[in-house]
Amino acid sequence: MLRTSLRSATAPVALGRRAASTIALKYSQAIFSAARSKGAADLDKVQSDLSTISSTISSVPELKTFVSNPTLSAGDRASGLQTLFKQAESSGSKKPISELTKNLFTVLSENGRLNEAEGVIEGFNELVASHKGELTVTITSAGPLPRDAQTRLESTLKQSQAAQKSKSLKVVNKVNPSILGGIIVDFGDKSIDLSVASRVNKLNSLLQQSV
């Protein structure tokens, strides 16, 4: 069913994900459609699976290398997937990974797209959030936001039109030292870049134009 969904998937709606490529979002749409057609329980299970797999890849350097290496043979990719599934099943809730989730990664592997896994998972989570009427706001900062600063931002965000149209608001703080300072706020298809890195890049651009 996943393979059929992937073949028939149209271009996904704009998700506002900076890390996810157009290709990744097509896989996100395919797995979302396949899981939703089976029911709410399956949708929640796939989301739980993907969260566990994402954490497993992030915490195991060998697996991070595995998914980012496009030169592996078909046999090595198949073997690596089994290792990934076993690692994921032994962590978190210790529940078996669903066949739907396994099929997704098998298709990614067969198409040489395992390096798109992070974007696929991000896109899937946004589709689920939209389906449930949730608004997820990602605040990227150079270091962890102090609790009082995040609370003030949440209060401001709750007053936005987008938040008032949603059933619930979820604020996630991501740390990315490369932005140097300031914050980047992403929600829906919008992105507000208030980072120091952005200002430095704009300054460099202006300086180059004036030379």
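The values are calculated or read from the model by the stated rules, or taken from the named source; none is laboratory data. Since this is a predicted model, take the numbers as computed values, not measurements. We place every Cβ from the backbone using ideal geometry, glycine too, and count neighbours over all the protein chains shown.
Points worth noting:
- Number of positions in region 114-159 that are under 29 Å from Lys26 (Cβ atoms) and assigned to a loop (DSSP other than H, G, I, E, B): 2
- Subset of region 182-211 [part of a strand (DSSP E or B) and on the phi > 0 side of the Ramachandran plot]: Gly182
- Conditions (1) modelled with pLDDT of 85 or more; (2) of a type outside the set (Val, Ile, Thr); (3) buried (at least 19 other Cβ atoms within 10 Å of the Cβ); (4) in contact with a strand residue (DSSP E or B) (Cβ under 9 Å, 6 or more places away or on another chain): number failed by Ser166: (1)
- Checking each residue in region 94-140 for being over 17 Å from the mean Cα position of the chain (by Cα) and among the small types (Gly, Ala, Ser) picks out Ser98, Ser109, Gly112, Gly133.
- Region 160-181, residues that are under 22 Å from the mean Cα position of the chain (by Cα) and either part of a strand (DSSP E or B) or on the phi > 0 side of the Ramachandran plot (or both): Ser168, Leu169, Lys170, Val171, Val172, Asn173, Lys174, Val175
- Candidates are the residues of region 87-144 that are under 13 Å from Ile53 (Cα atoms) and acidic (Asp, Glu); the one that is surrounded by the most Cβ atoms within 10 Å (Cβ to Cβ) is Glu122.
- Residue in region 119-130 that is farther than 28 Å from Asn201 by Cα and small (Gly, Ala, Ser) present: yes
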